[in-house]
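Enquirer: This structure is in structure tokens; I'll ask about it shortly.
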Amino acid sequence: NKQVMLRDYIHGFPKESDMYITESSICLKVPRGSHGVVVKNLYLSCDPYMQLLMKINQGHGLFAPFTPGSVITGHGVSKVVDSGHPNLKKGDFVWGTTGWEEYSLITTPESLFKIENTDVPLSYYTGILGMPGMTAYAGFYDICAPKQGEYVFVSAASGAVGQLVGQFAKLMGCYVVGSAGSKQKVHLLKNKLGFDEAFNYKEEQDLDAALKRCFPKGIDVYFDNVGGKMLDAVLLNMRNHGRIAVCGAVSQYNVEQPEGVTNLMCLFYKRIRMEGFAVFDYFPQYSKFLDTVLPHIRDGKIVYVEDVANGLESAPSALLRLFSGRNVGKQLVAIAHE
Ligand code: NDP
């Protein structure tokens, strides 16, 4: 059983050498009397939160940090090869937390979602139909409380979460602008993902001016994936009674000194609501989410861009792509055939 292990706790940006591949044996039968399942892992999801778990004391009570010398865990799509659980049988497909390895013994299968709809690509359960999709859904509809015709801004807009937020906003009849870190991504936002406007934040000298150019009347809803200087510039450009969903702050995960927010008083002047949320709190609403999103995928009203690396050996480098912005769309790793 090939596995990706964490070498030691990291400081700053993760490097490929912080992870290594090893091989060990695994019994493909669940232990007698266990309610667990043994799964063959098919797709591994690369997610920004994983780097926080490589650092000491960064779980913030939401996640259990990784242990040096142990296999890395994350979200993935897997096939059940043996089961001691009454609701799961051999051959079922599931998504949820699994190991970065060929086969995993999962002792708490209650946390897995059984995949009932297999007419869409199975890899989608690492993205649009999995944790990032739920994040876009909960953050946009619940936290942002959008209304038709509103002005919506999304940062890291071409990524796993952002590309879906933009499409939800368009379906709602909003005006949507996204920021991303390359020409290719800006092109994707405007020409494939249906954003009204997009800009490359790396090419803008003045983020405030870029936002004023795209939103002459101001922003009603900001779906914040990056935090930092972008958030600060957005605050200046929010309209009264605007809403900001604090989804993540990927620009700040590796800085020594937090940078950016000096315009926090805008919350007061403009009566803006800014609220953080954790997708896990919304997992009980997963079937409602599927009922909303699956029909849009089937009739082509929502599309999804994936960036697929191949083979378990490529998992460490695939994860690192998130932090340099080299991923175009949802980053995942295909490690086995169904
Ligand atoms: P993405 O697919 O968007 O990948 C990460 C992207 O972040 C990169 O492609 C890059 O895009 C951008 N990025 C990287 N470094 C920086 C930087 N220094 N400044 C600005 N942008 C940067 O990731 P996800 O869609 O999976 O995640 C998006 C956000 O959502 C993250 O902050 C994540 O932590 C958060 N999240 C929160 C959840 C919750 O429960 N609240 C659940 C899941 C995710 P670019 O080229 O555009 O710079």
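Every number in this text was worked out from the coordinates using simple rules, so none of it is lab data. Small disclaimer: the values here were computed from a predicted structure and weren't measured. Note: ideal-geometry Cβ built from the backbone for every residue, glycine included; neighbour counts use all protein chains shown.
Enquirer: Looking at the calculated P(r) for the chain, what percent of the C-alpha pair distances fall above 31 Å?
Expert: Working: 18592 of 56953 pairs.
Of all Cα-Cα pairs in the chain, 33 percent lie more than 31 Å apart.
Enquirer: Distance from the Cα centre of region 60-97 to that of region 271-324, in angstrom?
Expert: Centre-to-centre (Cα) distance: 17 Å.
Enquirer: Now, a different point. Only Cα pairs within less than 10 Å get springs; with that Gaussian network setup on the chain, which residue of 61, 227, 96 has the largest fluctuation?
Expert: 61
Enquirer: Once the Cα atoms of helix 228-237 and of the chain are each reduced to a long axis, what angle between those two axes, in degrees from 0 to 90 to the nearest 10, is obtained?
Expert: Once rounded, the angle reads 40 degrees.
Enquirer: Summing Lys, Arg as +1 and Asp, Glu as -1, what charge do residues with Cβ under 11 Å from the Cβ of residue 77 carry, residue 77 excluded? Show your work: numbers first, answer last.
Expert: Numbers: positive: 40, 79; negative: 338.
It works out to a net charge of +1.
Enquirer: Which value in deg cm²/dmol, rounded to the nearest 500, describes the helix-derived mean residue ellipticity at 222 nm for the chain, given -39,500 (n - 2.57) per DSSP H run of n ≥ 4 and division by the residue count? Could the numbers behind the result be given before it?
Expert: Values: 9 runs with 75 residues, N = 338.
For the chain, the value works out to -6000 deg cm²/dmol.
Enquirer: For region 194-338, what is the per residue volume of the convex hull drawn over the alpha-carbon atoms, in cubic angstrom?
Expert: Working: hull volume 25.0 nm³, N = 145.
Taking the convex hull of the Cα positions in region 194-338, it is 172 Å³ per residue.
Enquirer: Nearest 5 percent is fine: what portion of the DSSP beta bridges confined to the chain is antiparallel? Before the final figure, lay out each step's value.
Expert: Values: 30 of 55 bridges.
Percent antiparallel among DSSP bridges in the chain is about 55.
Enquirer: In whole Å, largest first, what are the principal axis extents of the Cα atoms in region 131-280?
Expert: 35, 34, 31
Enquirer: Determine one quarter of the surface area of the Cα convex hull of region 1-104, which equals its mean projected area, and express it in nm² to one decimal.
Expert: Working: hull surface 28.3 nm².
Spelled out: convex hull of the Cα atoms, projected over all directions, averaged, 7.1 nm².
Enquirer: Something else now. Just order 76-89, 281-294 by mean Cβ neighbour count inside 10 Å, highest at the front, would you?
Expert: For the peptides 76-89, 281-294, the packing ranking is 76-89, 281-294.
Enquirer: Once both axes come from the Cα atoms, what is the angle between helix 286-298 and the longest principal axis of the chain, in degrees from 0 to 90, rounded to 10?
Expert: Relative to the chain, helix 286-298 is tipped by roughly 80 degrees.
Enquirer: Among 300, 162, 99, which one moves the most in a GNM of the chain with springs linking Cα atoms closer than 10 Å?
Expert: Taking springs between Cα atoms under 10 Å, the residue moving most is 300.
Enquirer: Apply the a/c threshold of 1.5 to the C-alpha gyration tensor of region 134-176 and tell me whether it is rounded, prolate or oblate.
Expert: Working: a/c = 1.91, a/b = 1.28, b/c = 1.49.
Since a/c reaches 1.5 but b/c is at least a/b, the shape of region 134-176 is classed as oblate.
Enquirer: Moving on to the next point. Calculate the FRET efficiency for residue 271 and residue 58 from the Cβ-Cβ distance with a Förster distance of 51 Å, rounded to the nearest 0.05.
Expert: Details: r = 33 Å, r/R0 = 0.65.
Taking R0 as 51 Å, the efficiency between residue 271 and residue 58 is 0.95.
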